[in-house]
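The values are calculated or read from the model by the stated rules, or taken from the named source; none is laboratory data. Here the structure is a predicted model, which is why all the values come from computation and not from measurement. As a convention, Cβ positions derive from the backbone with ideal geometry for all residues, glycine included, and neighbour counts pool all protein chains shown.
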Amino acid sequence: MSQWIRCCFFGLLLGLWSLAANADDLLEYPVDPDAGPAMTLVIHAALDIPHVRPLLEAFHRRYPNIELTYRNLSTLELHQRFLEAPDQVDVMISSAMPWQYWLANASHARPLETAAASDWPAWARWRQELFAFTFEPIVMVVRTELIERFGAVRSHADLLALLDAHADQLAGRVVTYDPVNSGAGYSYAIEESRLSPRYWDLVAALGNTEARLVGTTGEMLDGLIDGRYLLGYNLLGSYARRVVDEHPALELVVPEDYALVTQRLAFISRQTPHPEAAERFLEYLISERGQGVLAENTALGASTRA
């Protein structure tokens, strides 16, 4: 059994509690001493700083009296770190949707009992506790040299046919998420296994092609940019679009047969040390103003404008 297939089975069946080795990314906004009574807010998230910075800057401009600390982690480390110290974080944000639902259902989320929370679309929230605030397709990224050599890849069916026909030529040149070390990758594998009757055929084909397994979309994009990989599978479209726009050797593909969509889910920790600041941030996140920042100043895609 290939490495890829072993990882999928172990990831799907055993639960994935190992930690990724990525270092923290930290962003801090100090209090404006002239802005009124000081407050503190700590956000832990699996959302890269370049993508979330416009939102955080807009929030801090609106609430300059809030000292904001934002820490970016891998989905696995985010989840494990929260379980170890749920009283050290105010707001949790992750694209590992099943784990966020698990935390909410395990009573780790503090309800947001406001009119804005009640008015948030039912399809984008779980009770008054968990709120989806982005709308992001899962995509493929292909180098143009692969298209020139083997033809266009427009669907999962095209990808499977390509891997089956050219496994030797593509050996080690295809990359995707490692479901053991990525909560997002695990989530996509679970959803796709339910959605597609040929998913395990695709898993086998990726294994036969000796697909490389990595922990983040960023790692996939780095390898695609420098030519180590010819095709990346199941990348976050919000991250990929900006890179593809800057590199003409890359093409972004939203599969024509079906496309997964992920949403970042946010909740307030039930043990939040700063409940007032946490509520202000989550309300801002789902407000027209916050959604406007996401839609106009980031590649994440706003839930209410999807």
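Descriptive notes on the structure:
- Some residue of region 41-51 being part of a loop (DSSP other than H, G, I, E, B) and surrounded by fewer than 22 Cβ atoms within 10 Å (Cβ to Cβ): yes
- Considering 157, 104, 117, the condition of being under 30 Å from residue 208 (Cβ atoms), part of a helix (DSSP H, G or I) and either modelled with pLDDT under 95 or of a type in the set (Gly, Ala, Ser) (or both) is satisfied by 157 alone.
- There is at least one residue in region 297-306 that is under 17 Å from the mean Cα position of the chain (by Cα) and surrounded by fewer than 17 Cβ atoms within 10 Å (Cβ to Cβ).
- Test result for residue 211, in contact with a strand residue (DSSP E or B) (Cβ under 9 Å, 6 or more places away or on another chain), under 23 Å from residue 52 (Cβ atoms) and of a type in the set (Gly, Ala, Ser): no
- Qualifying residue in region 150-170 (condition: assigned by TED's automatic domain parsing to the domain that holds residue 228, of a type in the set (D, E, K, R) and in contact (Cβ under 8 Å) with a residue 24 or more places away in the chain): yes
- Failed criterion for residue 115 (all others in (1) surrounded by 15 or more Cβ atoms within 10 Å (Cβ to Cβ); (2) of a type in the set (A, V, I, L, M); (3) assigned by TED's automatic domain parsing to the domain that holds residue 299 hold): (1)
- Selection from region 224-236 of residues that are touching a residue at least 40 places away in the same chain (Cβ under 8 Å) and surrounded by 17 or more Cβ atoms within 10 Å (Cβ to Cβ): 224, 229, 230, 231, 232, 233, 234, 235, 236
- Note on region 186-208: among residues that are in contact with a helix residue (DSSP H, G or I) (Cβ under 9 Å, 6 or more places away or on another chain) and without any contact (Cβ under 8 Å) to a residue 60 or more places away in the chain, the one that is surrounded by the most Cβ atoms within 10 Å (Cβ to Cβ) is 205.
- Criterion: assigned to a helix (DSSP H, G or I), modelled with pLDDT of 95 or more and surrounded by 17 or more Cβ atoms within 10 Å (Cβ to Cβ) - qualifying residue of 170, 162: 162
- Inspection of region 138-146 identifies no residue that is assigned to a loop (DSSP other than H, G, I, E, B), modelled with pLDDT under 95 and not small (Gly, Ala, Ser).
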